[in-house]
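**Q** Once you've had a glance at the structure underneath, I'll fire off some questions.
The values are calculated or read from the model by the stated rules, or taken from the named source; none is laboratory data. This is a predicted model, so every value here is computed, not measured. Cβ: placed from backbone, ideal geometry, glycine included. Neighbour counts: every protein chain shown. For accessibility, only protein heavy atoms count, side chains too; no ligands or nucleic acids. Shrake-Rupley method; radii C 1.70, N 1.55, O 1.52, S 1.80 Å.
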Amino acid sequence: MVDHGARVLDLGCGDGALLSLLADTRSVDARGLELSQGGVNLCVARGLSVIQGDADTDLATYPDDAFDYVILSQTLQAVRRPKAVLENMLRIGRRAIVSFPNFGHWRVRLELGLRGRMPVTETLPISWHETPNIHFCTIRDFLDLAGDIGATIERGIVLDRHGRVMKEGAPARWNLFGQQAVFLLRR
């Protein structure tokens, strides 16, 4: 989804694996913002340009149209203000790429419905009391939020439990059987 040579900001970039991949395979101008000092240290050790910061508060200081793409990979559910973060992403980048685990997947629903427990799955491997997740989002929830902020969805990819791309389908099917989702947005 990222053009060759693009200017990219990865929010919550962790250890820098995605930024490194994009720099190596797409020759992007890769920048990152990471909350944890440990993550920043790992990124810097890889030779990446990453600063410590909080996507919930620090995006306001970035100028409009500073990047071609702003990426939020597997972090949407961990920010305090998802709507404001998405709005800022689309302000400072021409496009935004957002990926997240789908809390509407049937296994998650089954675990909660039948066992009465917060699920622990391959894509949600951390127990509820240790997880950084604070906003449980389904694919349908995300589509509604994108509409609320006036974003256009250019592309959506939903992955099943085996990591395979699901065929185009109704959001209800994606919501029930998709474990992960990736969306490319523009203003």
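**Q** Just checking: which of the helices (runs of 4 or more DSSP H) contained wholly in the stretch 83-187 hold 3 or more residues that are closer than 23 Å to LEU11 by Cβ?
**A** Qualifying helices (runs of 4 or more DSSP H): 139-148.
**Q** Among the candidates ILE149, ILE139, single out the residue that is among the hydrophobic types (A, V, I, L, M, F, W, C) and open to solvent by less than 30 Å² (accessible area, probe 1.4 Å).
**A** Matching residue, one of ILE149, ILE139: ILE139.
**Q** For the stretch 34-56, name all the residues that are closer than 21 Å to VAL2 by Cα and either in a helix (DSSP H, G or I) or not β-branched (Val, Ile, Thr) (or both).
**A** GLU34, CYS43, ARG46, GLY47, LEU48, SER49, ALA55
**Q** Give me the pairs: first residue in the stretch 59-81 and open to solvent by 80 Å² or more (accessible area, probe 1.4 Å), second residue part of a loop (DSSP other than H, G, I, E, B), beta-carbon distance under 7 Å, and six or more apart or on different chains, which are they?
**A** ARG80/ILE134
Results for (1) in contact with a Phe, Trp or Tyr (Cβ under 9 Å, 6 or more places away or on another chain); (2) of a type in the set (Val, Ile, Thr), shown as yes or no for each residue.
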| position | (1), (2) |
| --- | --- |
| GLU111 | no, no |
| PRO119 | yes, no |
| PRO125 | no, no |
| PHE136 | yes, no |
| ASP144 | no, no |
| THR152 | no, yes |
| ARG164 | no, no |
| ASN175 | no, no |
| GLN179 | no, no |
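**Q** Now for a different question. When you look at LEU59, is it over 13 Å from the mean Cα position of the chain (by Cα) and either part of a loop (DSSP other than H, G, I, E, B) or hydrophobic (A, V, I, L, M, F, W, C) (or both), yes or no?
**A** yes
**Q** What's the total number of residues in the stretch 110-126 that are open to solvent by less than 60 Å² (accessible area, probe 1.4 Å) and either within 21 Å of ARG80 (Cβ to Cβ) or touching a strand residue (DSSP E or B) at 6+ places or on another chain (Cβ under 7 Å) (or both)?
**A** Adding up the residues that qualify gives 2.
**Q** Here's another thing I want to ask about it. Name the residue that is nearest to ARG186 (Cα to Cα), counting only residues in the stretch 89-106 that are at pLDDT 95 or above and open to solvent by 30 Å² or more (accessible area, probe 1.4 Å).
**A** Going through the qualifying residues, I end up with ARG95.
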